[in-house]
Amino acid sequence: MDFNAHQGFLLSDRSFLNTVRKDIHKLAESYGLGAALLGKVDIVVSELTSNLVKHATNGGELLVKAVNRNGAAGIEMLCLDMGPGMADPARMLEDGVSTVGSQGEGLGAIRRLSDEFDLYSQAGSGTVVLARLFGAARPARSRSPAHEFETGVVMVPKPGEEACGDGWALREKDGQYALLAVDGLGHGPEARHAAREAIKVFLEETSFEPARCLVAIHAAIAPTRGAVGAVAVLENEQSRFRFCGVGNISGRIFSADATRGLLSYNGILGNNFPGHISDHFFDCGPATLLVLHSDGIQSRWDLNKYPDLKTHSTSVIAAVLYKEFSRRRDDVLVMVSRTKR
């Protein structure tokens with residue numbers, strides 16, 4: 001899995017275009033991508049940045065990270081447009097359609113060059129574009145990959161920091177999927193060290209009981225500055241999630257008939273552990289969404305204000321939450337998972 005953080009590139013006006021394009025090219029080169037794929041990446045970045053300058057009246061941001069699918073190395077780009085949004089996103093994907101008098105080939109070209117593509121736009125609230133490109137051994141092209149348990153993550157360091165103190169991990173066995181969301185106290189290298197130690201313990205743990213996982217993490221990260229964390233497990237056979245958290249990792253479950261908040265115990269892993277913790281159980285069905293996030297995201301958000309967003313890629317859902325509700329003064333982690341459709 002791709003547990004690494006995104007690198008963010010802010011683009012407020014045309015004067016930053018060339019710098020952003022060159023920086024992303026260098027980053028893509030550092031991922032070890034081949035020349036042919038780098039050429040495609042350059043085109044997609046050029047189209048994305050051009051769209052931001054043309055349409056995003058309030059600026060925008062590109063989030064970039066390395067990805068890997070079944071051994072195929074690639075790159076993920078999320079373009080966050082703070083502009084007016086699109087009244088008819090599907091029509092804007094057609095070649096020759098433009099609202100600014102250009103040739104109108106940008107979004108169509110991005111979709112054709114991408115192995116995985118998704119777009120969400122809402123009038124008055126901007127646009128999010130997801131583009132993933134892979135090398136010669138790339139997976140089959142799909143606009144919305146269907147996985148038994150699909151997870152999309154946006155993870156970005158605090159502005160001005162290279163190290164991200166938030167972290168996440170996923171492991172699977174016999175139809176059970178266990179997710180960890182962790183936030184090392186503070187930010188910077190020491191926070192990242194605490195988060196990575198927690199992830200290491202989680203990936204080595206054999207139990208799929210959230211409380212037990214957190215107890216193991218607490219004992220192991222005592223030498224670090226500590227962290228807050230939560231573990232959610234999808235038990236497919238029982239059609240339910242089980243959850244336990246310590247600290248201020250927030251979570252919600254969205255099913256067909258209800259929205260449920262996930263409450264964590266007060267405390268700090270590796271430091272101030274609660275006297276007793278236990279798992280909590282939540283029924284789930286097809287296309288149930290689980291959202292976990294660190295306190296880099298404001299707590300007051302509502303997916304129901306974004307029509308049809310729940311049907312989009314989990315990465316796009318996470319990106320919309322980041323775009324709309326990031327505090328912009330701390331590390332950010334947003335995890336969105338969807339059960340089998």
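The values are calculated or read from the model by the stated rules, or taken from the named source; none is laboratory data. Owing to the predicted nature of the structure, the values given are computational and were not obtained by experimental measurement. Cβ coordinates were reconstructed from backbone atoms using ideal geometry, including for glycine residues, and neighbour counts include every protein chain displayed.
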*asked:* Anything in the stretch 153-180 that is outside any loop (DSSP other than H, G, I, E, B) and free of Cβ contacts under 8 Å to residues at least 40 places away in the same chain? List them, or say none.
replied: Arg171, Glu172, Lys173
*Being over 17 Å from Val129 (Cβ atoms), under 21 Å from the mean Cα position of the chain (by Cα) and part of a loop (DSSP other than H, G, I, E, B) is the filter here, so list the residues in the stretch 27-59 that pass it.*
Tyr31
*Filtering the stretch 127-148 down to residues that are of a type in the set (D, E, K, R) and modelled with pLDDT under 85, which residue is nearest to Met77 (Cα to Cα)?*
Arg143
_Going residue by residue through the stretch 183-192, is there one that turns out to be part of a helix (DSSP H, G or I), over 19 Å from Cys244 (Cβ atoms) and of a type in the set (Gly, Ala, Ser)?_
yes
_Would you confirm, using the coordinates I've provided, whether Gly267 is over 25 Å from the mean Cα position of the chain (by Cα) and either assigned by TED's automatic domain parsing to the domain that holds Ala318 or of a type in the set (Val, Ile, Thr) (or both)?_
yes
*asked:* Can you tell me which residue is surrounded by the fewest Cβ atoms within 10 Å (Cβ to Cβ) among those in the stretch 112-126 that are modelled with pLDDT under 95 and of a type in the set (Gly, Ala, Ser)?
replied: Gly124
